[in-house]
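**Q** A single structure is presented below for examination.
The values are calculated or read from the model by the stated rules, or taken from the named source; none is laboratory data. These numbers come from a predicted model, not from an experiment. Every residue, glycine as well, gets a Cβ built from its backbone with ideal geometry; the counts of neighbours run over all protein chains shown. Just so you know, the surface numbers come from the protein's heavy atoms only, side chains and all, with ligands and any DNA or RNA stripped out. Shrake-Rupley method; radii C 1.70, N 1.55, O 1.52, S 1.80 Å.
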Amino acid sequence: MPFMLPTILKNLFTGYATRLYPVQVREPFENARGHIRFNEDKCIMCGVCAMRCPSVSITVEKKKNELTFYPARCIVCEVCIHACPSDAIDLIFKWRTPFYEKPVEIYKSTRIAQLRETADAATDAATDAAKEEESAKEDK
Amino acid sequence: MERLWPVEISPRAKYLRTFWAELARTHSHLLWLGLLADAFGFESMFLQFWRIRERVLDLLEMTAGHRVIPSVNIIGGVRRDITPEQKKVIIDTLDIIRKESDELVKVVTRDYTVKKRTVGIGVVTKEQAIQLGCVGPVLRASGVPEDARLTKYDAYGDLNYEPVVETAGDCYARTLVRAREIFQSIDLQLEALSKLPEGEIAVKVKGNPPKNEAVMRVEAPRGELFYYAKGNGSRNLERMKIRTPTFANLPSLLVMLPGCELADVPVIVLSIDPCICCMER
Ligand code: SF4
Ligand code: SF4
């Protein structure tokens, strides 16, 4: 007890060691690993991140142009960030706020969508042209 | 893992790895001292230790990004670097941590209640410790100067390192070893930072793990950690074995526990710093 006395006395005359949390929030450090976010404009749905992720937080379905991310599983290890060939994953230093239900985030690649659209338009045009040709033939 | 290829990592990466390993040791020992106080009902000291630990966690967050598990090691080096500004903050904070721990460690080493609950309790003699294959602070508290850091991996070869040894082999000796290791670990961090060489932090390692085997021993806060990896040229390793320190230390409970008082069981079990989830593999 006598050896603890200086600490006890000091604690009596200093303020709280804790923060009044929801009111007072300490800003995270600049390169803290808060959470990750996918950039839909850059992603090419290659699936490398899903293959490398140690906690299976990402699934990529290229056919559907859908990248599903399960943030509750993610341990922010940065493996996917360094593995991504097109720099599509950003590290955000802010922590996620607590949640009641596990969130699921779905991302769609804009590049693939555009490509698909033009491809679809091309096939549509092709089928239209074919139809026209056929009708032209019938007309003859 | 680099030994599988094998590749040589840069000196800077080695020093940074050493720094983070020692920072994690400081945090782990502070956590343990707090838990020890909690095990015999010294709640206020428990929280005092954890308050100091909070500073270490802040340092970890600032440098590595995460608070407890740094996850900075990658195959070929490290992921984060330490800037000169961060270095200054680290040195200042370590100074504060040293002062604050000094105050509290004095309480642990001199206080009557702490001594009453730890001195002469859970004794493992030197011979028993060697026979049961203890590692880490448990082994060193029984008078065996054995530490994986003596194998001079990473930067330990260049640093001024001597294992901390006590001879009594009881809970008190294990407490003293860990308490003194906190200060030693702070010294090692400062030394590693002051000697930090310039250079790359990571080298690129290409390809899958080749057909090769590698063994590595490192000194984790709880004791010696053993890794074995075997590659077969494909994307997945053929075999990976990790022996954690708790697994090695658990048999020592066989000589510590028989005949002790029931109230001493938590203190004795805690004195080997068990991590059940690490052990269960
Ligand atoms: S985020 Fe990157 S790695 Fe993942 S699918 Fe998109 S482009 Fe590929
Ligand atoms: S940061 Fe790590 S855990 Fe999270 S999604 Fe990327 S690879 Fe998976």
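**Q** What ranking do B:199-212, B:107-120 get when scored by the average of other Cβ atoms within 10 Å per residue, highest first?
**A** With the highest mean Cβ count within 10 Å placed first, the list reads B:107-120, B:199-212.
**Q** Okay, next question. Give me the percent of accessible area attributable to carbon and sulfur for the protein assembly as shown, probe 1.4 angstrom.
**A** Result for the protein assembly as shown: 57 percent of the exposed heavy-atom area is carbon or sulfur.
**Q** Right, next: For the range B:213-272, which trypsin sites (Lys or Arg not before Pro) are in a loop by DSSP, counting at most 16 other Cβ atoms within 10 Å?
**A** B:235
**Q** If you don't mind, there's one more thing I want to ask. Given a 1.4 Å probe, show me the residues in the range A:1-48 buried by at least 30 Å² of accessible surface when comparing the whole protein assembly to the chain alone.
**A** Output list: A:3, A:4, A:7, A:10, A:11, A:17, A:26, A:29, A:31, A:33.
**Q** If you take the accessible area of B alone plus A alone and subtract the pair, what total do you get in square angstrom, rounded to 100, with a 1.4 Å probe?
**A** That pair hides around 1900 Å² of surface in total.
**Q** Give me the lysines in straight-line cross-link reach of residue A:94: C-alpha distance below 26 Å, same-chain residues under 8 apart excluded.
**A** A:42, A:102, A:108, B:87, B:88
**Q** Give me the 1.4 Å probe accessible area per residue for the range A:25-125, excluding ligands and nucleic acids, in Å².
**A** I get 63 Å² per residue for this part.
**Q** Moving on. What are the ³J(HN,Hα) couplings of the range B:65-71, residue after residue, when phi is run through the Karplus curve with 6.51, -1.76, 1.60 and θ = phi - 60°? Round to Hz, x for glycine and proline.
**A** x, 9, 8, 10, 8, x, 5
**Q** Okay, moving on. Please report, largest first and rounded to whole Å, the three semi-axes of the ellipsoid equivalent to the range B:53-119, where each semi-axis is the square root of five times an eigenvalue of the C-alpha gyration tensor.
**A** Its equivalent ellipsoid spans semi-axes of 33, 16, 8 Å.
**Q** Would you mind classifying chain B by shape? Square roots of the alpha carbon gyration tensor eigenvalues, ordered a ≥ b ≥ c; an a/c under 1.5 is rounded, otherwise it is prolate if a/b is larger than b/c and oblate if not.
**A** oblate
**Q** Given contacts defined as C-alpha pairs under 8 Å and at least six residues apart, what's the relative contact order of the range A:1-102, whole-number percent?
**A** 34
**Q** A follow-up question, please. Please identify every one of the GluC sites (Glu not before Pro) in the range A:1-86 that sits in a loop by DSSP and has no more than 16 other beta carbons within 10 Å of its own beta carbon.
**A** Hits after loop and neighbour filter: A:30, A:40.
**Q** Also, I was wondering about something else. What's the average, rounded to a whole number, of partner chain beta-carbon atoms within 10 Å of each residue's beta-carbon in B:103-111?
**A** What the average comes to for B:103-111 is 3.
**Q** Same structure again: Net charge around residue B:232, counting only other residues with Cβ within less than 13 Å of its Cβ (Lys, Arg = +1; Asp, Glu = -1)?
**A** Summing Lys and Arg as +1 and Asp and Glu as -1 gives +2.
**Q** Let me ask you something else. Working from Cα positions, state the angle (0 to 90°, nearest 10) between the long axis of helix A:110-139 and the longest principal axis of chain A.
**A** Helix A:110-139 and the main axis of chain A meet at about 10 degrees.
**Q** I've got another one for you. What average count of beta carbons from other chains do you get within 10 Å of the Cβ of residues in B:184-190?
**A** Whole-number average of other-chain Cβ neighbours for B:184-190 is 0.
**Q** In chain B, which cysteines lack any other cysteine Cβ under 4.7 Å from their own?
**A** B:134, B:171, B:260, B:277
**Q** Let me ask something else. With +1 on each Lys and Arg Cβ and -1 on each Asp and Glu Cβ, and nothing else charged, work out how big the dipole of the range A:25-125 is about its Cα centre, in Debye to the nearest 20.
**A** 340
**Q** Which order do peptides B:126-133, B:16-23 fall in by mean Cβ count within 10 Å, highest first?
**A** The peptides rank, most packed first, as B:16-23, B:126-133.
**Q** What shape does the range B:66-206 have by the C-alpha gyration tensor, where a ≥ b ≥ c are the square roots of the eigenvalues, rounded means a/c under 1.5, and otherwise prolate means a/b greater than b/c and oblate the rest?
**A** oblate
**Q** Another question about this same structure. Helix B:171-195 versus the longest principal axis of chain B: what angle, 0 to 90°, nearest 10, using Cα atoms?
**A** For helix B:171-195, the angle is close to 30 degrees.
**Q** Nearest 10 degrees, 0 to 90: what angle lies between the long axis of helix B:84-110 and the longest principal axis of chain B (Cα atoms)?
**A** Long axis of B:84-110 versus the principal axis of chain B: about 20 degrees.
**Q** Just to be sure I understand the model, the point goes 7 Å from the Cα along the line to the Cβ. What's the resulting residue B:262 to residue B:109 distance in nm?
**A** For residue B:262 paired with residue B:109, the spin-label model returns 3.6 nm.
**Q** Percent of Cα-Cα pairs per 10 Å bin, from 0 to the last occupied bin, for the range A:25-125, please list those.
**A** 15, 43, 27, 11, 4, 0
**Q** Something else: Would you mind computing Rg(Cα) / (2.2 N^0.38 Å) for the protein assembly as shown, counting N as its residues?
**A** Output field value: 1.25.
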